[in-house]
Number of protein chains: 2
Amino acid sequence: MNIGELAKRSNLTPSRIRFYESIGLLKMVERRPNGYRTYPPEALVLIELIATAQKAGFSLDEIRVLVPTDLENWQHDTLLETLQRKVADITALEARLAQSRKQLVALIKDIEAKPGDIDCAENARRVLSRMLDNADLPDMDAGDVKLLGKAGRVRANRRKSAAN
Amino acid sequence: MNIGELAKRSNLTPSRIRFYESIGLLKMVERRPNGYRTYPPEALVLIELIATAQKAGFSLDEIRVLVPTDLENWQHDTLLETLQRKVADITALEARLAQSRKQLVALIKDIEAKPGDIDCAENARRVLSRMLDNADLPDMDAGDVKLLGKAGRVRANRRKSAAN
DNA sequence: CTTGACCCTAAAGTTAACTTGAATGTTAAG
DNA sequence: CTTAACATTCAAGTTAACTTTAGGGTCAAG
């Protein structure tokens with residue numbers, strides 16, 4: 001299988017597949033005499049596994065450790081351990097998210113409660129201090145979350161437009 | 001208040017505070033004749049709010065839109081709307097995480113069930129296909145999550161070490 | 001009046017996970 | 001035989017959110 005076909009079947013770009021190979025994540029590839037890469041059918045399974053693992057929150061570095069890329073010898077124990085750690089991680093994250101949501105919902109109620117009547121700045125200050133009061137989310141020492149960006153997109157270079 | 005003190009009180013680095021100013025996030029700052037920045041006490045509240053919002057998963061771009069940085073005029077409606085969207089985002093993410101965890105737990109059980117007896121490669125293949133079978137996580141069109149990296153740390157330059 | 005702690009700016013570096021670009025080779029079709 | 005669609009490499013660009021570095025000023029203490 002050529003890279004183009006593998007790309008189509010897996011819904012990854014060729015460049016991405018080459019990239020995975022370049023970082024040692026995808027070693028299941030041979031070269032034809034002309035230099036073209038050629039992949040066995042298992043490669044499809046493997047890169048889909050990689051993509052799936054990414055969706056589940058694994059970094060490529062973690063995936064490299066997890067999946068010895070050749071399907072033949074992966075270490076049972078390391079794998080289990082890592083998976084278990086990851087479940088713990090997810091559980092912790094779920095707790096954090098629940099906290100965040102609780103906080104946000106409280107904040108919304110708080111803001112809605114005041115029909116724009118009273119002084120806006122005063123209201124702001126009140127809301128801010130409320131927000132800070134229960135700003136006791138456990139610090140993310142162990143990693144980080146980013147959710148759903150792309151909201152306040154700024155067109156040009158941020159520094160430049162901000163220097164305005 | 002000088003930047004150093006603000007930094008200490010907020011537990012952010014001075015460079016980070018300057019950075020926030022440089023991207024137009026923190027406009028609450030004056031200059032003393034010597035060029036030193038000087039902050040009113042409210043600045044502490046504000047940057048703590050920024051940090052809190054980040055912990056809750058807001059990007060700096062989103063925060064810029066949310067918090068007009070002067071405490072005096074923020075738009076009630078935009079704010080509410082954004083907060084609500086964020087709650088929805090978090091809910092969606094929670095669903096995704098629950099899915100991920102369920103999948104991982106199933107996978108762990110699956111692996112544990114086979115005492116390393118049977119062929120390792122066969123086992124691997126079985127586990128992989130199981131993983132791929134329920135690899136139906138909703139695609140993250142709307143954003144992305146990263147959890148808890150720093151596991152499979154590779155020392156030197158990744159490209160370089162992989163080229164080995 | 002010097003030393004150390006603090007402040008300034010502008011530019012470049014960092015990390016992850018890719019993408020894009022430039023320059024070039026290969027192959028299948030008409 | 002040419003052309004389009006594919007393939008290759010290597011280097012550089014992208015984004016977010018900062019940090020680091022280089023090269024200087026400023027200030028309080030002794």
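The values are calculated or read from the model by the stated rules, or taken from the named source; none is laboratory data. This one's a predicted model, so the numbers in the text were calculated from it and none came from an experiment. Glycine gets a Cβ as well: all are built from the backbone with ideal geometry, and neighbour counts include every protein chain shown. Ligands, DNA and RNA are excluded from the accessible area calculation, which covers all protein heavy atoms including side chains. Shrake-Rupley method; radii C 1.70, N 1.55, O 1.52, S 1.80 Å.
Odds and ends about this structure:
- Pairing chain B with chain A buries about 7100 Å² of accessible area. This figure sums both sides and uses a 1.4 Å probe.
- Accessible area of segment A:3-58 belonging to carbon and sulfur atoms, whole % at 1.4 Å probe: 52 percent
- Förster radius 51 Å - calculated FRET efficiency between A:SER22 and B:ARG32 (Cβ-Cβ, nearest 0.05): 0.50
- The protection proxy used here, the mean number of other Cβ atoms lying within 10 Å of each residue, ranks peptides A:101-109, B:29-37 as follows, highest first: A:101-109, B:29-37.
- For segment A:1-55, the spread of Cα positions along each principal axis, largest first, Å: 35, 21, 18
- Other residues whose C-beta falls under 11 angstrom from the C-beta of B:VAL105 contribute a net charge of +2, scoring Lys and Arg +1 and Asp and Glu -1.
- Long pairs among A:LYS55/B:LYS55; A:LYS86/B:LYS8; A:LYS102/B:LYS27; A:LYS109/B:LYS8; A:LYS8/A:LYS86, criterion Cα-Cα beyond 25 Å: A:LYS86/B:LYS8; A:LYS102/B:LYS27; A:LYS109/B:LYS8; A:LYS8/A:LYS86
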